[in-house]
Amino acid sequence: DLVTLARTSPIEDTLIVQLAPLGTPRLPMTTVEIGGAVSRFTFNAPLLRELRHVEFVNECGRRGELNGYREIFLHRVGGDATLGAFPASSKLDPNPALIEALKTLGHDAMDAWLKTNFANLGRRSTMPMDAVAPASRHPRC
């Protein structure tokens, strides 16, 4: 799990490279689009659960209710808007041009992320957790 991974690492930051968009750019209307949305939700469910767990542990630590825990700084690189434009079937497409295009998108996303967030590494999370784990959903520590 992410908490154990982060706690056992000497590095304060955890970078998630998200390949499947969290949401859908628009309401799916066809059976293929609905199937793709279900696939994304199913794929992302364990990640969202882990992120909620990390935020819960971080919140308990901020309140001073966990001894010996340091905050886990979470960061996410993902091309939600760009990747969301690809159909679910593209995951199974071995077309070299598609793979090269995805590689370029990944490099561009990482370059943009580093320009915006590099100074935050080791200092604070850059991943907005309110959308993933709203405070009202946290149980008491």
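Summary table below
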read-out: Which numbered condition Ala6 misses (of (1) open to solvent by 60 Å² or more (accessible area, probe 1.4 Å); (2) part of a helix (DSSP H, G or I); (3) closer than 20 Å to Trp113 by Cβ; (4) in contact (Cβ under 8 Å) with a residue 12 or more places away in the chain); value: (1)
read-out: Some residue of region 42-49 being open to solvent by 70 Å² or more (accessible area, probe 1.4 Å), free of Cβ contacts under 8 Å to residues at least 12 places away in the same chain and in a loop (DSSP other than H, G, I, E, B); value: no
read-out: Lone unmet requirement of (1) among the small types (Gly, Ala, Ser); (2) farther than 29 Å from Phe118 by Cβ; (3) surrounded by 12 or more Cβ atoms within 10 Å (Cβ to Cβ) for Gly61; value: (2)
read-out: Pairs, first under 21 Å from Pro10 (Cβ atoms) in region 110-124, second open to solvent by 70 Å² or more (accessible area, probe 1.4 Å) and acidic (Asp, Glu), C-beta under 7 Å, six or more apart; value: Gly122/Glu12
read-out: Subset of region 109-141 [open to solvent by 60 Å² or more (accessible area, probe 1.4 Å), at pLDDT 90 or above and in a helix (DSSP H, G or I)]; value: Asp111, Leu114, Lys115, Thr116, Phe118, Ala119
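The values are calculated or read from the model by the stated rules, or taken from the named source; none is laboratory data. Quick caveat, the model's predicted, so the values are computed rather than measured. So basically every Cβ, Gly included, is an ideal-geometry build from the backbone, and we count neighbours across all protein chains shown. Keep in mind that these areas ignore ligands, DNA and RNA; they rest on the heavy atoms of the full protein, side chains included. Shrake-Rupley method; radii C 1.70, N 1.55, O 1.52, S 1.80 Å.
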